[in-house]
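J.: Can you keep this structure in mind? I'll have questions shortly.
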Amino acid sequence: MYELFGNLAYGLDVVIDLVPWTFSLFGATFTIPVPVNILLCLLGALVGTLIGVLPGIGPIATIAMLLPITFGLPPVGALIMLAGIYYGAMYGGSTTAILVNIPGEAASVVTTLDGFQMAKQGRAGPALSIAAIGSFFAGCVATLVIAAAAAPLTSIALLFGPAEYFSLMVLGLIFAVVLASGSILKALAMIVLGLLLSMVGSDLETGASRMAFNLPELADGIGFVVVAMGVFGFAEILRNLEHTQDRTLVQSKVTGLMPTKKDLVDSTPAILRGTILGSALGILPGGGTVIAAFAAYTLEKKLSKYPKKFGTGVIEGVAAPESANNAASQTSFIPLLTLGIPPNAVMALMVGAMTIHGIVPGPQVMTKQPDLFWGMIASMWIGNMMLVVINLPLVGIWVRLLRVPYRHLYPMILIFCVIGVYSVNNSPVDVIMTAVFAIVGYWLMKHNFEPAPMLLGFVLGPLMEENLRRAMLIARGDPTVFVTRPISAGLLALALALLVISVLPMIRKRRDEVFVE
Amino acid sequence: MRIASRFRGLLAGFAVLAASAGLAAAQDYPTRPITMIVPFAAGGPTDVIARIVSENMSKTLGQTIVIENVVGAGGTTGATRAMRAAPDGYTIIMGHMGTHAASVALYPNLAYKPDADFEPIGLVAGTPILILAKKDFPAKDLKEFVAYVKANADKLNLAHAGVGSVSFTTCLLLNSLLNVKPTSIPYQGTGPSMNALVAGQVDYMCDQIVNAVPQIKGGTIKAYAIGTAERNPSPPDVPTTKEAGLPEFQASAWNALFAPKGTPKPVLDKLSAALDKALNDEGVRKRLLDLGSDIPGPDRRGQAALASLVKSEIAKWSPIIKASGAAN
């Protein structure tokens, strides 16, 4: 424990490190100490937030675009800034999810469910504030988790082989069924559609092209941003243009910016549970953050006294997933920091940044470069504080955006979305595909199909398929591997239990209805 | 008829004009920023090498070199875009063993021919390939490894970073040399495959030195040999395949600069010279060596050497890939 605080203090020391800066003014030379790393952290969080707020530009695109900017900086400062951009963009992504129903990245899909409904009721301010507060709390806890237990947690991540991941993905898809607020059958149909869409592209094992219709643009599959912008962002705009009255209602109803006492009381347990779930699931490479957000939402819905209200603008529905995805995005640094193995695309970019700066990420970073290791960890905590400082005042500005007449707002959203979609791959075809998904999304909305389960299926599909095939290959085709490995069996049992709990009441209800008739 | 011939004359005139304009343009090249397409993600091994070299080249050329990461389809999306770019020297590409050799056999519908649709500028740097195994693999050197793999091939699992990746093609070479067909477990990228090797979920793999060195130093995996002519200073204890008894395994993920077909010769020469200067620069060399890269000596540099390298690499990888049946 003592050592932990010593290390954290050392990390803070690195972050607060004052660099003398000499400049001449009016012929005289001045030297003032400048806390460069803190400024870089602030800059990163600010830039990340601002770019993350642009619909369609999530953390991956943001870091990829801004990576070259950091090349001229000293390594520790550069990585602190990149980490700031990362969680800033993660945070910014949820802002668009709440305000305009456009998830900036996969982990904020679930935030749209209740966040956007709250915005529609004029409660965008409290939703954004709670998201900021929840993220801050989760970030602080996750930072402590990393500092205290990074090394032992790594070994847990290594226990997860293909079979375990497959079972985890099954559990994730069950979450998608549970979180659907309407018909279970329609939710299942949407998940399957999402899975099918995720199959487009090259086959993992043979490299053969699947459902790509010989279009080179489809050879690598359909991008998440394309689907998310289409079925959420564009389709929502189409729907809004149809019901102009809805919008004027939203504009007139904007009430207080800060959460009420009741909001805080309601969201506190949700934030706590979300933080714990997120910290645990974030360690797992791959879909950790996404699963964490969905799991936290599902858990809240199950524990809630009014599960039926979820999806209509309940504050817990924002607090839980936002805390969970922030905690998870923080603990997802663990495999990178302790093993040097990037668990997701953003972390792969961080590895690139490290190698460009001459730091070889690996198991020895902690001992050989303690300033980098502890500096980064301490900077996460400071960065989270900066996010709150940046975002709470911004809430007012974002909410005021909703008051902009819709005829001015929607062309802007469309333009930003198009820029965002285009910037991911510099590909015009992606923009056209987004438009196609917009039409699909509009049709789905009209027929009461919810897009969120589809998006979850789409995100988890590739992970599920890859791990299923890996597990089967390693087991030489023996399917019992999923139940003979204890962690995998446990996850499958949990999935089954969850399915039974959520489906049973409906079957019973339907039977009741049948009897009534 | 007369009209047609006059028209032809006019055309010829235009052609002369255009050619002389082109020549003039070539002489004061470059007058605006140059785009270097990197067909892989920012931060990857090829990207890092491209950034280190382009920084120095832009100083020599007096113009900024902008890196554009065009990812997709094993790098062939970026290579296709470079092939279709105007051949004026303002778009060049950091090609790679995958995009400019292995792709020929991997993608039968490839939109370009690496040896015919590009003008070679020069070889930049290679990342040597290592033969790696999980920590408790029961072999203490390459000879034992070879014997064990040959005896137990049907029980072993090989990890690779996806069909068409460097780790995939180079391990095809290893397996064809040993005449074994272990079960190949595909992963999405080198990160997840290395994770599986560290966790002991798979038995062996072939990977680029940049990804492997930290794990070798950390003692989480074993390295049996390096597929280059000489030992590498990054993991100095790892013997070459020649020393360890498998001299046929020579593999390096080379990166090289190309321009679209038809780029004027003076422009190409300027680029080649700038690249050569960069590869002689102490700072550049140090950064490349820190990554474990293999910097080509004078005999392997320049346009002619790269042209023959591309031809020989296509000839080397195509039969191995075709025999494995991995082509889409």
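The values are calculated or read from the model by the stated rules, or taken from the named source; none is laboratory data. Computed from a prediction, not measured in an experiment: that's the story for all the values here. Ideal geometry is used to build each Cβ from the backbone, glycine not excepted, and the neighbour counts take in all protein chains shown.
J.: Where residues in segment B:152-198 are of a type in the set (Gly, Ala, Ser) and either in a helix (DSSP H, G or I) or free of Cβ contacts under 8 Å to residues at least 24 places away in the same chain (or both), which of them is farthest from the other protein chains (Cβ to nearest Cβ)?
T.: B:Ser176
J.: Still on this model: Would segment A:488-505 turn up any residue that is within 14 Å of another protein chain (Cβ to nearest Cβ), within 29 Å of the chain's Cα centre (by Cα) and modelled with pLDDT of 90 or more?
T.: yes
J.: Out of (1) under 24 Å from the mean Cα position of the chain (by Cα); (2) crowded, with 20+ Cβ neighbours inside 10 Å, the odd one out for A:Gly11 is which?
T.: Failing condition for A:Gly11: (1).
J.: For B:Ser54, which of the numbered conditions (1) assigned to a helix (DSSP H, G or I); (2) within 12 Å of chain A (Cβ to nearest Cβ); (3) at pLDDT below 85 fails to hold?
T.: (3)
J.: Any idea which residue in segment A:211-230 is nearest to the other protein chains (Cβ to nearest Cβ), counting only those that are surrounded by fewer than 18 Cβ atoms within 10 Å (Cβ to Cβ) and more than 15 Å from B:Asn109 (Cβ to Cβ)?
T.: A:Gly223
J.: Within segment B:275-328, track down each residue that is under 17 Å from the mean Cα position of the chain (by Cα) and within 14 Å of chain A (Cβ to nearest Cβ).
T.: Across segment B:275-328, the qualifying residues are B:Leu288, B:Leu289, B:Leu291, B:Gly292, B:Ser293, B:Ile321.
J.: With respect to A:Gly104, is the statement that it is out of contact with any Pro (no Cβ under 6 Å at 6 or more places or on another chain), part of a loop (DSSP other than H, G, I, E, B) and crowded, with 24+ Cβ neighbours inside 10 Å true?
T.: In short, yes.
J.: Conditions: (1) within 14 Å of the chain's Cα centre (by Cα); (2) surrounded by fewer than 20 Cβ atoms within 10 Å (Cβ to Cβ). B:Gly75 meets all but one. Number of the miss?
T.: Going through the list (1) within 14 Å of the chain's Cα centre (by Cα); (2) surrounded by fewer than 20 Cβ atoms within 10 Å (Cβ to Cβ), B:Gly75 breaks only (2).
J.: Moving on. Are any residues in segment B:208-234 out of contact with any strand residue (DSSP E or B) (no Cβ under 8 Å at 6 or more places or on another chain) and within 11 Å of chain A (Cβ to nearest Cβ), and if so, which ones?
T.: Passing the criteria: B:Asn211, B:Val213, B:Pro214, B:Lys217, B:Gly218, B:Gly219, B:Thr220, B:Ser234.
For every residue, the table says whether it meets (1) under 22 Å from A:Asp203 (Cβ atoms); (2) in contact with a Phe, Trp or Tyr (Cβ under 8 Å, 6 or more places away or on another chain).
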{"site": "A:Phe449", "(1), (2)": "no, no"}
{"site": "A:Leu468", "(1), (2)": "yes, yes"}
{"site": "A:Gly477", "(1), (2)": "yes, no"}
{"site": "A:Val483", "(1), (2)": "no, no"}
{"site": "A:Ala489", "(1), (2)": "no, yes"}
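J.: Follow-up question, since we're still on this one. Could you list, in sequence order, the residues of segment A:469-480 that are under 14 Å from A:Val170 (Cβ atoms) and either in contact with a strand residue (DSSP E or B) (Cβ under 8 Å, 6 or more places away or on another chain) or crowded, with 17+ Cβ neighbours inside 10 Å (or both)?
T.: A:Ala471 - this is the single residue of segment A:469-480 that is under 14 Å from A:Val170 (Cβ atoms) and either in contact with a strand residue (DSSP E or B) (Cβ under 8 Å, 6 or more places away or on another chain) or crowded, with 17+ Cβ neighbours inside 10 Å (or both).
J.: May I pose another question? I need a count of the residues in segment B:114-149 that are charged (D, E, K, R) and within 18 Å of the chain's Cα centre (by Cα).
T.: 3
J.: Could you tell me whether A:Phe166 is within 21 Å of the chain's Cα centre (by Cα), more than 30 Å from A:Lys308 (Cβ to Cβ) and not hydroxyl-bearing (Ser, Thr, Tyr)?
T.: yes
J.: Still on this structure: Filter segment A:160-210 for residues that are assigned to a loop (DSSP other than H, G, I, E, B) and within 13 Å of another protein chain (Cβ to nearest Cβ) and give the result.
T.: Correct list: A:Phe160, A:Gly161, A:Asp203, A:Leu204, A:Glu205, A:Thr206, A:Gly207, A:Ala208.
J.: I've got another one for you. Please work out if B:Ala79 is in contact (Cβ under 8 Å) with a residue 24 or more places away in the chain, within 14 Å of chain A (Cβ to nearest Cβ) and out of contact with any Gly (no Cβ under 7 Å at 6 or more places or on another chain).
T.: no
J.: Which of (1) assigned to a helix (DSSP H, G or I); (2) modelled with pLDDT of 90 or more; (3) farther than 23 Å from B:Gln188 by Cα; (4) more than 14 Å from chain A (Cβ to nearest Cβ) does B:Ala101 not meet, given it meets every other one?
T.: Here B:Ala101 meets the rest and fails (3).
J.: Related question: Check whether at least one residue in segment A:359-369 is in contact (Cβ under 8 Å) with a residue 40 or more places away in the chain, farther than 21 Å from A:Asn240 by Cα, within 12 Å of another protein chain (Cβ to nearest Cβ) and part of a helix (DSSP H, G or I), and report yes or no.
T.: Looking through segment A:359-369, at least one residue is in contact (Cβ under 8 Å) with a residue 40 or more places away in the chain, farther than 21 Å from A:Asn240 by Cα, within 12 Å of another protein chain (Cβ to nearest Cβ) and part of a helix (DSSP H, G or I).
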